[in-house]
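*Asks:* First the structure, then my questions, so here it is.
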Amino acid sequence: FEEVGGFNESLPACEDYDLWLRICSRYPVLYVEEPLLRKYGGHDDQLSKQHWGMDRFRIKALVALLNSGNLCQQQSQVTRAMLIKKCEILTQGAEKRGKGESARYYTSLMKKFANPDL
């Protein structure tokens, strides 16, 4: 936990996503098929109910990971692909809601990471 920097408290949500990205980028993590817990969602006090577009925070985490310089080539490719996918989702949502500035921002971010040498 300490070695990867703990929770990023500047993220209003998805700080667990960010933490697990950093852990998985540095240490082997195994998949356990047997469910070990039950997740319940839909509560009024959930952060996802308080913040629209949760992928905004996931994108910030992905960009930080890509900019960290700690990824091997394969990890970088997979991370860029996920970033582009999330940018596409937010771009479509922004266009649908007439939020041109947000759509342009996520489109430019998508292009930047689709062509990292530019």
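*Asks:* So the check is Cβ under 7 Å with 6+ separation or different chains; which pairs have a first residue in the range 24-45 that's closer than 20 Å to Ala61 by Cβ and among the aliphatic types (A, V, I, L, M) and a second one that's at pLDDT 95 or above and surrounded by 10 or more Cβ atoms within 10 Å (Cβ to Cβ)?
*Replies:* Between residues of the range 24-45 that are closer than 20 Å to Ala61 by Cβ and among the aliphatic types (A, V, I, L, M) and residues that are at pLDDT 95 or above and surrounded by 10 or more Cβ atoms within 10 Å (Cβ to Cβ), the close pairs are Val29/Ile23.
*Asks:* Does the range 66-98 hold any residues that are surrounded by fewer than 16 Cβ atoms within 10 Å (Cβ to Cβ) and more than 16 Å from Arg22 (Cβ to Cβ), and which are they?
*Replies:* Within the range 66-98, Gln73, Gln74, Gln77, Ala81, Lys85, Glu88, Ile89, Gln92, Glu95, Lys96, Arg97, Gly98 meet the criteria.
*Asks:* Can you tell me which of (1) closer than 26 Å to Glu9 by Cα; (2) at pLDDT 95 or above is the one Thr107 doesn't meet?
*Replies:* Among (1) closer than 26 Å to Glu9 by Cα; (2) at pLDDT 95 or above, Thr107 violates only (1).
*Asks:* Mind listing whichever residues of the range 70-101 are without any contact (Cβ under 8 Å) to a residue 12 or more places away in the chain and assigned to a loop (DSSP other than H, G, I, E, B)?
*Replies:* Answer for the range 70-101, where residues must be without any contact (Cβ under 8 Å) to a residue 12 or more places away in the chain and assigned to a loop (DSSP other than H, G, I, E, B): Cys72, Arg97, Gly98, Lys99.
*Asks:* Also, quick follow-up: Which of the residues that make up the range 1-33 are closer than 14 Å to Thr79 by Cα and either outside any helix (DSSP H, G or I) or not aliphatic (A, V, I, L, M) (or both)?
*Replies:* Matches in the range 1-33: Tyr17, Asp18, Trp20, Arg22, Cys24, Ser25, Arg26.
*Asks:* Among the residues in the range 49-65, are any surrounded by 12 or more Cβ atoms within 10 Å (Cβ to Cβ), at pLDDT 95 or above and among the acidic types (Asp, Glu)?
*Replies:* No, the conditions are met nowhere in the range 49-65.
The values are calculated or read from the model by the stated rules, or taken from the named source; none is laboratory data. All figures in this text were calculated on a predicted structure; none of them were measured in a lab. Please note: Cβ atoms are built from the backbone with ideal geometry, for glycine as well, and neighbour counts cover all protein chains shown.
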